[in-house]
Amino acid sequence: MMVNFKRYGDYLLYQVLQELCYRELSKIKADFYVPVPTSPEHLAQRQFDTISAIYGDLVPLSNILLKGPGYGAQGEKTRADRLSSQQSFTVAKKTASNLNKHKVLLLDDIYTTGRTLYHARDALLSVFPQAQITSFTICR
């Protein structure tokens with residue numbers, strides 16, 4: 001299902017993925033729900049943001065992370081390449097919210113090595129060192 005959704009752009013599968021997430025995600029309370037952003041290349045290729053499509057109707061999203069171009073897809077990397085990947089996220093300069101001392105839930109779709117979530121967490125902590133950050137993914 002994830003291959004059809006992400007690689008082949010079968011957008012309507014977001015409804016199935018939302019249904020899979022709804023019950024568990026509703027049990028988790030956070031002050032900010034931060035989607036892990038997709039690369040500009042993937043966004044241009046797919047024409048939709050997979051993470052926002054899945055979670056956007058379930059929780060209020062705070063789009064404060066940015067992903068730079070040229071980092072490639074995690075799904076196309078080997079485990080070793082993923083684990084050695086460089087930081088690809090930054091925090092938007094015009095972030096209206098202060099996340100310090102707040103509960104932040106990072107939202108992603110697939111957890112493989114955890115590298116993407118670690119990078120996202122580290123980017124947020126570099127700006128908001130007192131944030132309480134956890135994560136939610138659909139599958140591992």
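The values are calculated or read from the model by the stated rules, or taken from the named source; none is laboratory data. The structure displayed is predicted, hence computed values, not measured ones. For neighbour counting, all protein chains shown are included, and Cβ atoms are generated from backbone atoms with ideal geometry for every residue, glycine included.
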Answer yes or no as to whether ASP108 is in contact with a strand residue (DSSP E or B) (Cβ under 7 Å, 6 or more places away or on another chain), modelled with pLDDT of 95 or more and of a type in the set (D, E, K, R).
yes
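Would you be able to say whether some residue in the range 60-71 is closer than 15 Å to ILE110 by Cα and surrounded by 13 or more Cβ atoms within 10 Å (Cβ to Cβ)? Don't jump to the end; show me each part of the working.
Taking the range 60-71 as the starting set, the residues that turn out to be closer than 15 Å to ILE110 by Cα are none.
No; the residues of the range 60-71 include none that is closer than 15 Å to ILE110 by Cα and surrounded by 13 or more Cβ atoms within 10 Å (Cβ to Cβ).
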Of those in the range 98-135 that are surrounded by 15 or more Cβ atoms within 10 Å (Cβ to Cβ) and among the acidic types (Asp, Glu), the residue farthest from the chain's Cα centre (by Cα) is ASP109
Pairs with Cβ under 7 Å, 6+ apart, first in the range 1-18 and in contact (Cβ under 8 Å) with a residue 24 or more places away in the chain, second crowded, with 18+ Cβ neighbours inside 10 Å and not in a helix (DSSP H, G or I):
MET2/ASP109; LEU17/ILE138
I'm checking my understanding of the structure. Among residues of the range 29-54 that are in contact (Cβ under 8 Å) with a residue 60 or more places away in the chain and under 18 Å from LEU66 (Cβ atoms), which one is nearest to the chain's Cα centre (by Cα)?
VAL36
With the condition kept exactly as written, say whether any residue in the range 82-93 is buried (at least 19 other Cβ atoms within 10 Å of the Cβ), at pLDDT below 85 and in contact with a strand residue (DSSP E or B) (Cβ under 9 Å, 6 or more places away or on another chain).
yes
